[in-house]
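Here is the structure we will look at.
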Amino acid sequence: TFGGTIDGIGQFYFRQKKYDKAIKMFEDSVRIARKLGNEGSTSVSLFNIGWTYYELKNYKMAAKSFLESVNIIEKLRKTATGATRRDYIARQIAMYQYLTSAYVREKNFPKAFNAIELSRARFLAEQIAGSEKDILIPSLNEMQRTLSGDSAVIMYANMNLNNKVMMVVTKDEAYGIEFSSFALYDSKWTNYIEETNSELEKQRGLNIVDRDKAQETAFEIKPACSCEAIINYYRALLIASGHESRGLAIRKRQHGKTSDDEIKELAKLLYNIFVKPLEEKLKGKTNLLIITDGPLGFMPLETLIDESGRYMVEKYHITYVQSMGVMDLIKKRRYEDNRKPLLAFGGAVY
């Protein structure tokens, strides 16, 4: 279509870093798409406008365009079915990720919190084919009122992007930053990732597959060694600790270290990336509610080690939850008096 051609010209200007011209083309594309009633194309061009403002560091305008785009996708998703509906939820979550990033860079932490919670609620409702009306999204202020003085909530988001997000919320404060885990990719541990993953393929164990292809964009640089692979490697060390698997025996011959040595070194490195930037905000806290994201959900954060050599489990009582909205939903559950108890296990790695 003509509007699509104009959007393509805008993308050309974007790649040339002629951002003013790119925005003009994208805005023209939005006007044409709206006149034609093409909401899908409107959403795409609005996202491109948001991304251009994002590159210009005008995060307020970026967030405005991202939000318009995600709201259109939400409208389309509600009437779609099958594969089309799944495609919409993947696109919507990707848009929420950039919206979250824009809010964090703008230091608008209440809206960043809300964007993370909305994406989690919609994804969960889609996965369980439930009603989103059952999952209420608490505001940041509402959530803070439920926290005790010795408690903090740590939220991770955008784990599949280069610039990841971590937030900490206490009774009196909300704080968020973007961070990169490229220090992991550049570390010596990358030398053993391929070997470990090859070994794990022969076992029953963790096998993370990236199914959200729709979230990949041309703007993201994918490192040779992924965060999933590092976490996979760390878990392999934990699982094998106390006995020598074939893969660990090979590594020991290569650099003379035991699996326990490797676990402690990597645990400290992971702590420095995923926890240390929040240390100042966690002073005086003993209870942590952690909301993980993506592959981080497979890593036991309580095994990480700080600079003084203490495990996180020695310092904090740690609870994991999918989102604050889900936790609120669980708290409100009511059961029949004759309900029978159930203890279930699944996915164990022996």
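The values are calculated or read from the model by the stated rules, or taken from the named source; none is laboratory data. Owing to the predicted nature of the structure, the values given are computational and were not obtained by experimental measurement. All Cβ positions, even for glycine, are placed from backbone atoms using ideal geometry, and neighbour counts span all protein chains on display. Ligands, DNA and RNA are stripped out before the accessible areas are found, and what is left, the full protein with its side chains, is counted by its heavy atoms. Shrake-Rupley method; radii C 1.70, N 1.55, O 1.52, S 1.80 Å.
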Quick query: amide H of Asn38 versus all other amide H atoms, modeled in the peptide plane; which residues come in under 5 Å with a sequence gap of 5 or more or a different chain? none
How large is the accessible surface of Ile330 in square angstrom, using a 1.4 angstrom probe and rounding to the nearest 10? 80 Å²
With every protein chain kept in the model, how would you rank Phe298, Phe274, Phe47 by accessible area, 1.4 Å probe, largest at the top? Phe298, Phe47, Phe274
Accessible area, probe 1.4 Å, largest first, for residues Tyr96, Tyr19: Tyr19, Tyr96
Using each residue's phi in segment 18-23, evaluate 6.51 cos²θ - 1.76 cosθ + 1.60 at θ = phi - 60° and report the 3J(HN,Hα) Karplus result to the nearest Hz, with x for Gly and Pro. 9, 5, 4, 5, 4, 4
Using 1/(1 + (r/R0)^6) with R0 = 51 angstrom and r between the beta carbons of Thr84 and Lys340, what's the FRET efficiency to the nearest 0.05? 0.80
Hey, if we sort Phe109, Phe12 by accessible area with the 1.4 Å probe, largest down, what's the order? Phe12, Phe109
Measuring from centroid to centroid over Cα atoms, what is the spacing of segment 1-74 and segment 148-162 in Å? 30 Å
Leaving ligands, DNA and RNA out of it, work out the accessible area of Arg310 with a 1.4 Å probe and give it in Å² to the nearest 10. 100 Å²
Output ³J(HN,Hα) for segment 67-78: one whole-Hz value per residue in order, computed from phi by the Karplus curve 6.51 cos²θ - 1.76 cosθ + 1.60 with θ = phi - 60°, and x for Gly and Pro. 5, 4, 5, 5, 5, 5, 4, 4, 5, 5, 4, 5
Among Lys57/Lys283; Lys264/Lys315; Lys281/Lys332, the pairs whose Cα-Cα distance exceeds 25 Å are Lys57/Lys283; Lys281/Lys332
Extension gain (nm, one decimal) between Arg333 and Glu279, 0.36 nm per residue minus Cα-Cα: 16.0 nm
Measuring from the lowest to the highest alpha carbon on each principal axis, how far does segment 1-86 reach, largest first, in angstroms? 38, 28, 21
Cross-link table Lys35/Lys75; Lys107/Lys171; Lys107/Lys276; Lys276/Lys331; Lys35/Lys107; Lys60/Lys268, entries beyond 28 Å C-alpha to C-alpha: Lys276/Lys331; Lys35/Lys107; Lys60/Lys268
